[in-house]
1. Counting only residues that are touching a residue at least 60 places away in the same chain (Cβ under 8 Å) and under 16 Å from LEU161 (Cβ atoms), which one in region 182-201 is surrounded by the fewest Cβ atoms within 10 Å (Cβ to Cβ)?
2. Which residue, of SER103, SER84, is touching a Gly at 6+ places or on another chain (Cβ under 9 Å) and of a type in the set (S, T, N, Q)?
3. Filter region 185-216 down to the residues that are farther than 18 Å from GLU108 by Cβ and assigned to a loop (DSSP other than H, G, I, E, B) and list them by number.
4. Farther than 17 Å from VAL212 by Cβ and touching a residue at least 12 places away in the same chain (Cβ under 8 Å): does that describe ARG30?
5. I'd like to know if region 154-176 contains one or more residues that are assigned to a loop (DSSP other than H, G, I, E, B) and modelled with pLDDT under 70.
Amino acid sequence: MKILIVISFITTLLSCGISETPNTKDNLSRFNKFLGPKKAEVFNQGVNSFDIFLLLNYPNIDSEKRTQVFLEQLLITYTTNPDSSWTFDTESNKELIDAFETSGMRKEIIIYGYEVSKENEEEWDLIPIRGETEDEYKQRVKLEFSRLDSAYSFNIHGLYLTGLSKFTKEDILIQQYVEVRQQGGFSPSFIINAYLKQNYDYENPFFKRMIVADFYLDLMLRDIERNEKMTTR
């Protein structure tokens, strides 16, 4: 079933035209109301930050082509993992990432392993190691949950994907994207290639939110972590 949905998604990408529909503006307004004012505002800020990022890094490229060039470079980054030459407004992004956290919007997009497992922490028993004290055992459990902090997955039940499905009914491409997302993870390169092969209107506000959710949040976090490591050396 999953394979059939993926094939259908690829076929649609190759056959459909521009993704925006006449009701995009009204649907976006409904989407924002569905998220709630705080979450919607933070998501809007994420899109604005991405637009600034594009202008900052591709100032000599026509605005309608900046997203395409970004995606082409992003594909190289995710397949070969080179050192990025992109410039970020790191300090502003720190505030934005904090806003995604405090508003709860980040959890509507991605969730960390410990957030899924924390509620069952008392019921989760690791096999004791011979000679291990009670305190050592408790510490090992804490370390295991700490390890899960870095493991995250797409929240297929979050408001972001639910709203995307609910308020883009007329957009075949986005509906196919939602179906594939709901089936579970697939590689970043698959998503990027799909975005590049399809004749998307890259200014579509829903598409921009997909870019922010799929990649830009992660890129901001990577940049913040990289700068923090540099300052501690």
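The values are calculated or read from the model by the stated rules, or taken from the named source; none is laboratory data. Quick caveat: nothing in here was measured; it's all calculated off a predicted structure. Backbone-built Cβ (ideal geometry, glycine too); neighbour counts: all protein chains shown.
1. GLY184
2. SER103
3. PHE186, SER187, GLN198, ASN199, TYR200, ASP201, TYR202, GLU203, ASN204
4. Answer is yes for this residue.
5. no
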